[in-house]
1. For F91 and A105 in the same chain, what is the full-extension length gain: residue separation times 0.36 nm, less their Cα-Cα distance, in nm?
2. Counting helices only, and only those DSSP H runs with n ≥ 4, report the 222 nm mean residue ellipticity of the chain as the sum of -39,500 (n - 2.57) divided by its residues, in deg cm²/dmol to the nearest 500.
3. As an exercise, identify the chymotrypsin sites (Phe, Trp or Tyr not before Pro) in region 1-91 lying in DSSP coil whose Cβ has no more than 15 other Cβ atoms within 10 Å.
4. Can you pull out the GluC sites (Glu not before Pro) in region 36-112 whose DSSP state is coil and whose Cβ has at most 12 other Cβ atoms within 10 Å?
Amino acid sequence: MPNTYSQIYIQIVFAVKNREALIHANWEAQLQKYITGIVQKKGQILMAVNGMPDHIHILISMKPTYCLSDLVREVKKSSATYINANDFSKFAFSWQEGYGAFSYAKWDVEKIVAYIRNQKEHHKKKSFREEYLGFLKDFQIEHNEKYLFEWHDETELYDPSGVG
């Protein structure tokens with residue numbers, strides 16, 4: 001077979017270091033555009049990007065010639081540099097180590113795009129911890145909670161007012 005044919009859809013999820021709620025609504029769209037540019041410059045297709053003040057979801061259609069870990073490393077490094085260079089956060093911004101990567105079939109894409117776009121509403125009912133552990137369970141990924149993200153007390157759910 002002379003050509004390579006593929007269809008690879010990956011949802012990437014990662015959090016702000018120490019799960020701090022540092023991504024603010026007044027510059028969140030700029031961050032999403034910047035991340036879109038990074039993904040496109042690497043020859044991949046960004047299908048959805050959205051998140052919460054403490055984490056982000058990205059859905060990409062990925063070419064098999066590029067390494068996922070290299071892409072995530074570049075997105076995290078470049079976006080953190082962009083945030084800090086533009087003084088978007090009054091605190092030094094960085095992403096936590098690690099990330100989740102979950103693969104989907106073509107028929108799941110619309111549902112996942114809607115899920116990512118609906119993050120603010122979704123997190124009124126479910127904490128990031130519940131969401132992330134749900135992904136690990138649903139995808140049957142062995143893990144040790146001790147080595148997951150550094151969790152803050154998540155007894156309170158997302159407060160869209162930014163207070164609390």
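1. 1.2 nm
2. For the chain, the value works out to -11000 deg cm²/dmol.
3. Y5, Y66, F91
4. Working: sites: E74, E97, E110; in loops: E97.
Hits after loop and neighbour filter: E97.
All of the numbers you see were taken from the coordinates with simple rules; none came from a lab. All of these numbers come straight from a predicted model, not from anything done at the bench. Note: ideal-geometry Cβ built from the backbone for every residue, glycine included; neighbour counts use all protein chains shown.
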